[in-house]
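See structure below.
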Amino acid sequence: MNGPYAAPARPAESYHETYARWRADPGAYWLEIAQGIDWIRPPEKAFDAASGIYGRWFPDATCNTCFNALDRHVRDGRGDQAALIYDSPVAATKAKYTYAQMLDEVATLAAVLQDLGVSKGDRVIIYMPMVPEAVFAMLACARIGAVHSVVFGGFAAKELATRIDDAEPKVILTATCGIEPTRVVEYKPLLDGAIEMAKHKPQTCVVLQRPQADASMHVTRDRNWRTLVAAAKAAGRKADCVELAATDPLYILYTSGTTGRPKGVVRDQGGHMVMLKETMDQHFAVGRGEVMFTASDIGWVVGHSYIVYAPLIQGATTVLYEGKPVGTPDPGAFWRVVAEHGVKVLFTAPTAFRAIRKEDPEGRHLAGHDLSRFEALFLAGERADPETLKWAEELLKVPVIDHWWQTETGAPIVGNPLGLGLLPIKHGSPTVPLPGYDVQCLDEGGRPVAPGTMGAIVLKLPLPPGALPTLWNDDARFREAYLATFPGYYNTSDAGFIDDDGYVFIMGRTDDIINVAGHRLSTGGMEEVLAAHPAVAECAVVGIRDALKGEQPCGFVVLKAGASQPPEEIEKELVALVRERIGPVAAFKLALTVNRLPKTRSGKILRATMKKIADGEDYAVPATIEDITVLDEIGTALKGRGIG
């Protein structure tokens, strides 16, 4: 590995100067930032336009992500610094791990994986709650070149099964349970059910026993996590870092697709580290030894990037929080964590702040907490409504920074770069494109629209380091889903506008993915579940505005003629069915029986119009509508539930 990691110091540079420097020579810009990473073979070439689908970053370099996250900090004499703080109000547990302790745990677990036959390129699914072992698992995979795929613990067996079949893991790492404020969620029965459903069968499941739940163990397949790790420690077994190409995959993270099959977003090794280093310096302004608290889940991209990889690559301290913004025990939970651990930056979803505001509008739970080291709140995951932003600013007296990105990009696209000097805030806008991104707004024909005009938000190719190079084993779907609509651009599937000052405003999704509390969920997937009910003839799910979660799914169902059950009974069954098949994460609580659905003459259901009716917005009657009177029927049905 090359020497101490620090990109050459530059005199203080503003956002506009930095962005202009990137525009003028992207290759030189990224090679300079790459000097902040420890490479095995440093890159001499930034970008190869001829390889991959739109080109590949650092094609001649080799590296290891785990070395950059752990080993180099220990090598440089900072092994005693806190790397990870585990704070779990639901398990009534707190623990701190130094960089040296983390390295010991990760190298040992990596050796356990090797002993189970896992090697470079093999996939490992991690189906775990927010416990330190989940982070060790991710880094252990990175250490030996295995490709991890973390599946959020709230997903039901069917969702897990589709991911098992797509990733084909050799090993699955899991725990006996996750802990919610009011209940324990047993993971093992869900995992057993998923493996039974899946065509692909993993060789081994390693199960972390938690005191809150025991699990029955499959006699030949399942192994006890603690027993394996203890045996490896007793034998002095530790795995070394494996040399990997910068273009090798680090992980697969599944995101909702508009069809039943989820999309496996691929993240590479080298570009990912470079982009995370850039965003920690320029956007989040968190340096070595400083504390970052990202209140998310490792099952989502925010957790991958800003709980695990970015803070550790930077040599910062990360907080792993197993709890909620409210109810564990009260709306002051975040303020306790910030004060107790000396947090500099908090990053969470607007939903969390809407929940805190709902429970504690006066901010009384802030009293008595020392927030003297707290410098900024970052919000992303869904649109941050201006009222919540203003409330947070007035309460906290620090910058509240909305920013926008996607699972696919792995790091912010549009933001307000704290590290380069804050720009004026416009409520409702995540601010400006960050270096690496040329963000444009186009009409349906692919032509740029005038400032302030709504259009499709697109990113000019090539995407920067760290963004997805493709989808797992599906180049054709990657091209079709992201690149085909606007040739030369990546289609974000978000709609919005760019104002005269270059500020970007994201107004909503352009497809049928809805955003519930920062979780992207496919309405198509929910429709499949509703349609499976024997009494349902047809259905449509739309995301309707929700003051707390941003959006909530609303299912409109048309019952089969002669359905004998009362509609209210069927609606309750449908809510339970979605919870069972997709999981509580879907937050599906509203099924509404209607006589018919509004459609075009060609049979296309007018979901966008239904959403506008539910949200109480003005709408233009689509010219191709089959029967205009259906829209009044939908409005009446919604009003019967106090909506619209």
Restricting attention to segment 553-573, which residues are in a strand (DSSP E or B), among the hydrophobic types (A, V, I, L, M, F, W, C), out of contact with any Leu (no Cβ under 6 Å at 6 or more places or on another chain) and more than 14 Å from A532 (Cα to Cα)?
-> none
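Could you please give the count of residues in segment 455-489 that are in a strand (DSSP E or B), of a type outside the set (V, I, T) and free of Cβ contacts under 8 Å to residues at least 60 places away in the same chain?
Here is the first cut: in segment 455-489, the residues in a strand (DSSP E or B) are 455-460, 471, 489.
Narrowing the set further to residues that are of a type outside the set (V, I, T) leaves 455-456, 459-460, 471, 489.
With free of Cβ contacts under 8 Å to residues at least 60 places away in the same chain added as a condition, the list becomes 455-456, 459-460, 489.
Residues flagged as in a strand (DSSP E or B), of a type outside the set (V, I, T) and free of Cβ contacts under 8 Å to residues at least 60 places away in the same chain within segment 455-489 amount to 5.
Which of the residues that make up segment 130-171 are outside any helix (DSSP H, G or I) and of a type in the set (S, T, Y)? Quick ask: steps written out before the conclusion?
So the first thing to find is which residues in segment 130-171 are outside any helix (DSSP H, G or I), and the list is 130-131, 145-156, 168-171.
Listed by number, the list holds a single entry, S149.
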Hey, can you tell me all the residues within segment 490-505 that are buried (at least 19 other Cβ atoms within 10 Å of the Cβ) and either touching a His at 6+ places or on another chain (Cβ under 9 Å) or part of a loop (DSSP other than H, G, I, E, B) (or both)?
-> Y503
Every listed condition ((1) surrounded by fewer than 16 Cβ atoms within 10 Å (Cβ to Cβ); (2) outside the structural domain of V594 (by TED's automatic domain parsing)) holds for P534 save (2)
Can you name the residue in segment 288-317 that is more than 11 Å from A411 (Cα to Cα) and polar (S, T, N, Q) and, of all such residues, is modelled with the lowest pLDDT?
-> S296
Identify, by number, the condition in (1) over 19 Å from the mean Cα position of the chain (by Cα); (2) among the aliphatic types (A, V, I, L, M); (3) part of a loop (DSSP other than H, G, I, E, B); (4) under 28 Å from Q101 (Cβ atoms) that I298 doesn't meet.
-> (1)
Regarding G508, is this residue at pLDDT below 90, outside any loop (DSSP other than H, G, I, E, B) and touching an Asp or Glu at 6+ places or on another chain (Cβ under 6 Å)?
-> no
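Please return the ranges of helices (runs of 4 or more DSSP H) entirely within segment 1-96 where 2 or more residues are at pLDDT 95 or above and closer than 30 Å to G502 by Cα. Break it down stepwise before answering.
Details: elements: 15-24, 26-34, 72-75.
Correct list: 15-24, 26-34.
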Which of the residues belonging to segment 176-202 are in contact with a Ser or Thr (Cβ under 6 Å, 6 or more places away or on another chain) and at pLDDT 95 or above?
-> Y187, K188, L191
Quick check, is T407 among the hydroxyl-bearing types (S, T, Y) and touching a helix residue (DSSP H, G or I) at 6+ places or on another chain (Cβ under 7 Å)?
-> yes
Name the residues in segment 578-597 that are surrounded by 21 or more Cβ atoms within 10 Å (Cβ to Cβ), at pLDDT 90 or above and not aliphatic (A, V, I, L, M), would you?
-> F588
Count of residues meeting criterion [of a type outside the set (D, E, K, R), touching a Lys or Arg at 6+ places or on another chain (Cβ under 8 Å) and over 13 Å from W225 (Cα atoms)] in segment 110-128 | 4
Long-range neighbours under 8 Å by Cβ, at least six apart or interchain, first residue polar (S, T, N, Q) within segment 501-518, second at pLDDT 85 or above and part of a strand (DSSP E or B) | T510/A456; T510/S493; T510/D494; N515/G543; N515/G550; N515/E551
Test result for T279, of a type outside the set (A, V, I, L, M, F, W, C), at pLDDT 95 or above, part of a loop (DSSP other than H, G, I, E, B) and crowded, with 20+ Cβ neighbours inside 10 Å | no
Output yes when any residue across segment 231-242 is in contact with a strand residue (DSSP E or B) (Cβ under 7 Å, 6 or more places away or on another chain) and buried (at least 21 other Cβ atoms within 10 Å of the Cβ), and no when none is.
-> no
Among (1) out of contact with any Leu (no Cβ under 9 Å at 6 or more places or on another chain); (2) surrounded by fewer than 20 Cβ atoms within 10 Å (Cβ to Cβ); (3) over 21 Å from E13 (Cα atoms); (4) not small (G, A, S), the one test that L422 misses | (3)
Breaking point among (1) β-branched (V, I, T); (2) under 24 Å from T629 (Cβ atoms); (3) surrounded by fewer than 20 Cβ atoms within 10 Å (Cβ to Cβ); (4) touching a residue at least 60 places away in the same chain (Cβ under 8 Å), for V542 = (3)
Heads up, the strands (runs of 3 or more DSSP E) in segment 172-258 (entirely inside) with at least 1 residues that are under 30 Å from E408 (Cα atoms) are 177-179, 184-186, 204-208, 249-255
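The values are calculated or read from the model by the stated rules, or taken from the named source; none is laboratory data. All values derive from a computational prediction rather than experimental measurement. No Cβ is skipped: glycine too gets one built from the backbone with ideal geometry, and neighbour counts run over all protein chains shown.
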